[in-house]
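Participant: Once you've had a glance at the structure underneath, I'll fire off some questions.
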Amino acid sequence: MTLLFAFFTAALPVAFWYVIIIRKNRRGINFFFWLVFFLASIFAIGFKYYEPNIGKFLRQDLMLHILLSYIFIGILIEYGKNMIVRMVGGHYFQGIEDVIDLSFATALGFTFAENTLHFYALFLQPLDYGTPINIFKEILSREFFILPIHLFCSGVFGYFYGVSIFSVSSQEEQEIQNKDIDWKFRTMSLLKGTIISTFTYGLFFMLNELDPSISDILSLMGVSNFPLNEKIMPIISFGFFSLGTVYLFQLMEKKQFLIRRKQIQEPLNPK
């Protein structure tokens, strides 16, 4: 019963985001979406098992070491999810949108499995006066703050991976047959996706681990003994989500200016 309750709690935001993300007019998207979702869930369970050992090996008390360790973990997670997207959708992709959709599916699948395990452990705690409130806060934190970060990181990585497949830079239009230039463009696209997604992941989860408060920030500015000591991670999470959403929407609008490789190599209306 506890596991079922944890499963249901973790599934609620998945259903919410699925309604927002899914493109109903794309044939076959439901099958590939849920297949990728399932495989990403399995990947999350395996990663969750080994993550404590990875964290102990990497993490130290210094802020820089915490940041670098989370960036490394972000690289492992994003490339793991991307391998699932490549494996499942390699012959299905027809555009950048398909890559992003399946990347979103990996983010939802990964966090769904991660949240199910986390909530299950939460619900097994012995109840006392403050336990229900703490559990409720933790659920809100993971579903409203952690999940959107995974969606953003996977969406950005998926976008640049899609660009590496379907697009070339405008300067290379006349030299599309030059394989060296093509290879450089693909590499730079993947590198951009890796840097943006994993640095965002590392910075966010470093701040999440430090869990700063108002007094922590003011003490850095030389103000001590401030009467309020509220945590500011919800504000930080909202800022990450807001800026990330705007940035991802800008990328999606920008893609219409990219030159599709398939359109260059093959006429749109061959005779």
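The values are calculated or read from the model by the stated rules, or taken from the named source; none is laboratory data. What you see is a predicted model; the values in this text were computed from it and never measured. Every residue, glycine among them, receives a Cβ derived from its backbone with ideal geometry; neighbour counts consider all protein chains shown. What goes into the accessible areas is simple: the full protein's heavy atoms, side chains included, and nothing from ligands, DNA or RNA. Shrake-Rupley method; radii C 1.70, N 1.55, O 1.52, S 1.80 Å.
Participant: Determine the gain in length on full extension of the stretch M252-M87; use 0.36 nm per residue of separation and subtract their C-alpha separation, reporting nm with one decimal.
Facilitator: 57.1 nm
Participant: To the nearest 0.05, what FRET efficiency results for I75 and N134 with a Förster distance of 30 Å applied to their C-beta separation?
Facilitator: The pair I75/N134 has a calculated efficiency of 0.40.
Participant: Under the Karplus relation 6.51 cos²θ - 1.76 cosθ + 1.60, θ = phi - 60°, what is the ordered set of whole-Hz ³J(HN,Hα) values for the range 107-124, x standing for Gly and Pro?
Facilitator: Computed from phi, the couplings for the range 107-124 are 5, 5, x, 5, 6, 4, 5, 4, 5, 4, 5, 5, 5, 4, 5, 5, 6, 7 Hz.
Participant: With a 10 Å radius around each residue's Cβ, average the other Cβ atoms per peptide and rank 131-143, 97-109, highest first.
Facilitator: Going by the mean number of other Cβ atoms within 10 Å, highest first, we get 97-109, 131-143.
Participant: Using a ≥ b ≥ c from the Cα gyration tensor of the range 1-154 (square roots of the eigenvalues), is it rounded, prolate or oblate, where a/c under 1.5 gives rounded and otherwise the larger of a/b and b/c decides, a/b for prolate?
Facilitator: Note, shape of the range 1-154 comes out oblate.
Participant: Same structure, new question: Show the residues, 5+ positions off or on another chain, whose built amide H is closer than 5 Å to the amide H of S167.
Facilitator: Result for S167 returns R261.
Participant: Compute the signed sum of charges (Lys and Arg +1, Asp and Glu -1) over the other residues within less than 12 Å, Cβ to Cβ, of I135.
Facilitator: It works out to a net charge of 0.
Participant: Applying 1/(1 + (r/R0)^6) with R0 = 25 Å to the Cβ-Cβ distance of M1 and F238, what FRET efficiency is obtained, to the nearest 0.05?
Facilitator: Calculated value: 0.15.
Participant: Summing +1 for each Lys or Arg and -1 for each Asp or Glu, what net charge is found among the other residues whose Cβ lies under 14 Å from the Cβ of F37?
Facilitator: Net charge in that neighbourhood comes out at -1.
Participant: What is the gain in length, in nm to one decimal, between W183 and F31 on full extension, counting 0.36 nm per residue of separation less the C-alpha to C-alpha distance?
Facilitator: Net length gain for the segment: 51.6 nm.
Participant: Extension gain L124-K192, at 0.36 nm per residue separation less the Cα-Cα distance, in nm?
Facilitator: So the extension gain works out to 20.3 nm.
Participant: Then there's this: Determine, for each peptide in 12-23, 30-41, the mean count of other beta carbons within 10 angstrom over its residues, then list the peptides with the highest first.
Facilitator: Descending mean neighbour count gives 30-41, 12-23.
Participant: Could you give each residue of the range 138-149 its phi-based ³J(HN,Hα) in whole Hz, using Karplus coefficients 6.51, -1.76, 1.60 with θ = phi - 60°, and x for Gly or Pro?
Facilitator: 5, 4, 4, 4, 6, 8, 9, 10, 6, 4, x, 5
Participant: Sticking with this structure for a sec: In what sequence, largest accessible area first, do M87, M233 appear using a 1.4 Å probe?
Facilitator: M87, M233
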